[in-house]
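Report on one structure; see the data block that follows.
The values are calculated or read from the model by the stated rules, or taken from the named source; none is laboratory data. Owing to the predicted nature of the structure, the values given are computational and were not obtained by experimental measurement. Cβ atoms come from the backbone with ideal geometry, glycine included; neighbour counts cover every protein chain shown. Just so you know, the surface numbers come from the protein's heavy atoms only, side chains and all, with ligands and any DNA or RNA stripped out. Shrake-Rupley method; radii C 1.70, N 1.55, O 1.52, S 1.80 Å.
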Amino acid sequence: SKYWDVSEKHAFITTHNWWHLALLYLELDDLQSAMHIFRQHIWRKNLDRRADQIGALSMFWILSMVIDSKGEAKMGDVRLQKVKEEIGELWQTVMDYVMHTNKNVEVGYKLYDLLFMRGVIEMKRRYSENKKDAKYRQFEQWFQKRYTEMVEFCGDNVELKEKFVGLVDCMQMMYGEAQNVDHDAAYDRLSKIISDLNIIGGSREQRFVFDQMYIDLL
């Protein structure tokens, strides 16, 4: 890993190498090491290209899933709360930066678009709960704009729309504001599309987050 620095490798390769190592630590139930890798090697400023950001967005989502799944069974109350607070701060830092770098980006890199929308949905919920109306409206506008662009991108491709846009609908029903949450409807929708998501691109490992969505609903 001493040759994985950005000065030695393309930013995407650097992030992706560390991404795989962080996944290994999570498999070993070593959350702290995975979090360290995320903070030190996966997320950093100047990740302006979507290819560079995709590993950071997916790993952040995976970390959030793991933390939410642990609960009090494996982590003490104080420690769990501290990690959750850190994740909350990271969501804001990451999404503010990512949104800023995506102002003129067109829909079409499908896996990235879905990861981006996951973050936007997360921030809408957090700002709605915290009564930060100006920030909420900012992310709600981004959500509506990108959602419309995704529908238009699908055109007459029924399968693409069912899966590409359908995954966003499922995210909204699982992670969105309280009035949008409907786990039963999310399960019904996701169970029809989860078996084959090749159409959205990415590797099987990169699409792991969608499998985990389905597992969380079971």
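Among the residues of the range 33-66, those identified as outside any helix (DSSP H, G or I) and of a type in the set (Lys, Arg) are Arg44, Lys45, Arg49.
In summary, Ala134 fulfils each of the numbered conditions (1) in contact with an Asp or Glu (Cβ under 8 Å, 6 or more places away or on another chain); (2) without any contact (Cβ under 8 Å) to a residue 24 or more places away in the chain with the single exception of condition (1).
Scanning the range 174-195 for residues that are open to solvent by less than 30 Å² (accessible area, probe 1.4 Å), under 28 Å from Tyr97 (Cβ atoms) and not acidic (Asp, Glu) yields Met174, Gly176. Among the residues of the range 90-122, those that are in a helix (DSSP H, G or I) and more than 11 Å from the chain's Cα centre (by Cα) comprise Leu90, Gln92, Thr93, Asp96, Tyr97, Val98, Met99, His100, Thr101, Lys110.
Determine if the range 94-115 includes at least one residue that is surrounded by 18 or more Cβ atoms within 10 Å (Cβ to Cβ), in contact (Cβ under 8 Å) with a residue 12 or more places away in the chain, farther than 16 Å from Ile67 by Cβ and among the charged types (D, E, K, R). Looking through the range 94-115, at least one residue is surrounded by 18 or more Cβ atoms within 10 Å (Cβ to Cβ), in contact (Cβ under 8 Å) with a residue 12 or more places away in the chain, farther than 16 Å from Ile67 by Cβ and among the charged types (D, E, K, R). For the range 139-153, the set of residues classified as surrounded by fewer than 17 Cβ atoms within 10 Å (Cβ to Cβ) and of a type in the set (Ser, Thr, Tyr) consists of Thr148 only.
Only one entry of Leu21, Leu80 meets the criterion of being open to solvent by less than 90 Å² (accessible area, probe 1.4 Å) and modelled with pLDDT of 75 or more, and that entry is Leu21. Whenever a residue of the range 1-27 is among the polar types (S, T, N, Q) and assigned to a helix (DSSP H, G or I), its partners that are surrounded by 10 or more Cβ atoms within 10 Å (Cβ to Cβ) and modelled with pLDDT under 55, lying with C-beta atoms within less than 9 angstrom and at least six residues away or across chains, give the pairs Thr14/Trp4; Thr14/Val6; Thr14/Glu8; Thr15/Val6; Asn17/Ser1; Asn17/Trp4; Asn17/Lys9.
Let's see how each residue does on (1) touching a Leu at 6+ places or on another chain (Cβ under 9 Å); (2) part of a loop (DSSP other than H, G, I, E, B):
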| position | (1), (2) |
| --- | --- |
| Asp156 | no, yes |
| Glu162 | no, no |
| Gly166 | yes, no |
| Gln172 | no, no |
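Scanning the range 187-202 for residues that are assigned to a helix (DSSP H, G or I), touching a residue at least 12 places away in the same chain (Cβ under 8 Å) and over 17 Å from the mean Cα position of the chain (by Cα) yields Tyr187, Arg189, Ser191, Ile199.
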